[in-house]
Amino acid sequence: PEETVTSSFASFIHAVRPEHLSKTVRHRSKRMILDSIGVGLVGSTTHVFDIALQYCRLYSSVAVSSVYGKPGIKLSPTLAAFTNGVATHSMDFDDTWHPATHPSGAVLPALLAASQMLPTGTKPNGMDFLLAFNVGLEVQGRLMHFSTEAHNIPKRFHPPSVVGTMGSAAATAKLLSLSTAQCTHALGIAASLAGAPMANAATQAKPLHIGNATRLGFEAALLAARGMEANPLILDDIAGCSGFSAFYSIYQPKPLSTPSDHHEFLLEKQDIAFKRFPAHLGMHWVVDAALSVRNLFINYAGSFSPSSIRTIVLKIPVSKYINRPFPSSEHQARHSFQFNACTALLDGEVGLSSFTERSIHRQELRELLDKVVVEHPEDNVANFDKMYGEVALLLHSGDVLTGKCDTFYGHWRKPLSKESLLKKFRSNASHVLPEDKIETIITMVDNLENLSDSSQL
């Protein structure tokens, strides 16, 4: 039969082999895996995670898969994936790609749970695990590139709830060695399980988007493995019959070539963004700009004095859901340009403790927020590859101090160093694990290609 876009994706998932992973792709994806585990571990200390876990413990059948931060608890594989996905995004601390999505959290929990689900003697090795993870990333990235609409900060739906579900289905299908036809149906089933509205950003429901993506993609692969069928043209653009194009007003799909001797993964061409503090990615531009102008202020006046500031001007892109003048909860604070800029100005840093109730409702912070004025320059577009953050302090003396950030530390154009990534992982994991286990995970991920049984992870 004639090849379609959907069949090309299914053929790729089925045919790609470990030797297609370049040294760069293996290195970058292992950094993602390590960071995602650390983010999931610290995320297991949050209230929203506890709610998800309590819900999942209502179902106790086939409890074989581990839960982040809870060594005495196991759940059924798909519910473990869901719970760990919620943990990964509970603080908005997980990695971000371009076009905008959170790729690791939608894939890794499903693969960890699936590895434990498989019987002894059939468990995938570390290289199989690494390959499946990269298949999940590749499918997400390719689908995002089918629409120019996806390049900008989203307005209608949260991207990982859509492309993440597809990526999880592809990754799990690869790990379970599904046939080409089964891979086709796994993608089709996943498309019917995808989607979440942006209105739930900055609420406790937003982490469910990642939890559902990794769980439902996993379930799609399991259903396909058992013979369930779906539309074999789900990724194709067919007039009058929306498949995956239902999520995008502009949709131009292209076939994915089946790898022969070589395949260049998208991760080879573009690195990932790792967050230094737990908040929406856009916050990292304004925080670095605020820290820059804070240093100018200290050099100017000898110390930081909020009373000397008349007005704080933020120059940011237009994005309604992260323009929050007076956030009242931790989740709103993680999605507020104003809050993150003022916290950086006041404290000289933004970290885990910045989003506690006590920190959010400080009087001195409220006084700074009252001074904020937002501007939207035409050249500052809502796009993680093109946007910038600028913070200007208009002083009572009449002087103006300005800090600007085009590329924050951790962005794919300015990657975290190995030392910074390890420091973040150790800090996150230390909330729930002893030092010896933290170092064991670091060593295991670093040598993932040589791991004989990936369920050990």
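The values are calculated or read from the model by the stated rules, or taken from the named source; none is laboratory data. None of these values were measured; they are calculated from a predicted model. Don't worry about glycine lacking a Cβ; one is built from the backbone with ideal geometry, like all the others, and counts go over all protein chains shown. When the accessible area is computed, the model is the full protein with side chains, heavy atoms only, and any ligands, DNA or RNA have been set aside. Shrake-Rupley method; radii C 1.70, N 1.55, O 1.52, S 1.80 Å.
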Only Lys, Arg (+1) and Asp, Glu (-1) charged, at Cβ; the chain dipole about Cα centre in debye:
660
Under 15 Å, Cβ to Cβ, from V16 - net charge with Lys/Arg +1 and Asp/Glu -1
-2
Give the calculated FRET efficiency between I73 and E357 to the nearest 0.05, with a Förster radius of 25 Å applied to their Cβ-Cβ distance.
0.40
How large is the accessible surface per residue of the chain, computed with a 1.4 Å probe and reported in Å² as a whole number?
39
Mind checking which of Q252, A225, G72 is farthest towards the positive end of the chain's charge dipole, using Cβ charges of +1 (Lys, Arg) and -1 (Asp, Glu) about the Cα centre?
G72
Dividing the convex hull volume of the alpha carbon atoms of the range 87-209 by its residue count, what do you get in Å³ per residue?
108
Evaluated at 37 °C and 0.692 mPa s, the Stokes-Einstein D of the chain based on the Kirkwood radius over Cα pairs, in µm²/s, stands at 146
Keeping the other protein chains in place, figure out the carbon and sulfur percent of the accessible area of the range 281-405, with a 1.4 Å probe.
46
Rounding to the nearest 10 and keeping the result within 0 to 90°, find how far the Cα-based axis of helix 435-446 lies from the longest principal axis of the chain.
60
Rounded to the nearest 10 degrees, what's the angle between the helix 47-56 long axis and the longest principal axis of the chain, both from Cα atoms, 0 to 90?
20
Give, in nm to one decimal, the length gained when the segment between I250 and T120 is fully stretched (0.36 nm per residue of separation minus the Cα-Cα distance).
42.2 nm
Alpha-carbon Rg with Dmax, taken over the range 192-241, Å:
14.1, 38
S427 versus A15: modelled label distance in nm, points set 7 Å from Cα along the beta carbon direction:
4.5
So for the range 281-405, Kirkwood radius off the Cα pairs, Stokes-Einstein at 37 °C and 0.692 mPa s: how many µm² s⁻¹?
230
Relative to the longest principal axis of the chain, what angle (0 to 90°, nearest 10) does the C-alpha long axis of helix 108-117 take?
40
Scattering profile of the range 412-452 from the Debye formula, Cα beads only, expressed as log10 I(q)/I(0) at q = 0.23 Å⁻¹, is -0.82
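Which length gain, in nm to one decimal place, applies between E349 and K155 when the Cα-Cα distance is subtracted from 0.36 nm times their residue separation?
66.9 nm
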Cα-based shape type of the range 57-138, given that a ≥ b ≥ c are square roots of the gyration tensor eigenvalues and the cut on a/c is 1.5:
oblate
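Could you please state how large a percent of the accessible area of the range 1-131 is carbon and sulfur, counting protein chains only and using a 1.4 Å probe?
Of the solvent-accessible surface of the range 1-131, carbon and sulfur hold 55 percent.
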Would you calculate the volume per residue, in Å³, of the smallest convex hull containing every Cα atom of the range 171-269?
146
Report the full-extension gain for the segment R57 to A301: residue separation times 0.36 nm, less the Cα-Cα distance, to one decimal in nm.
82.2 nm
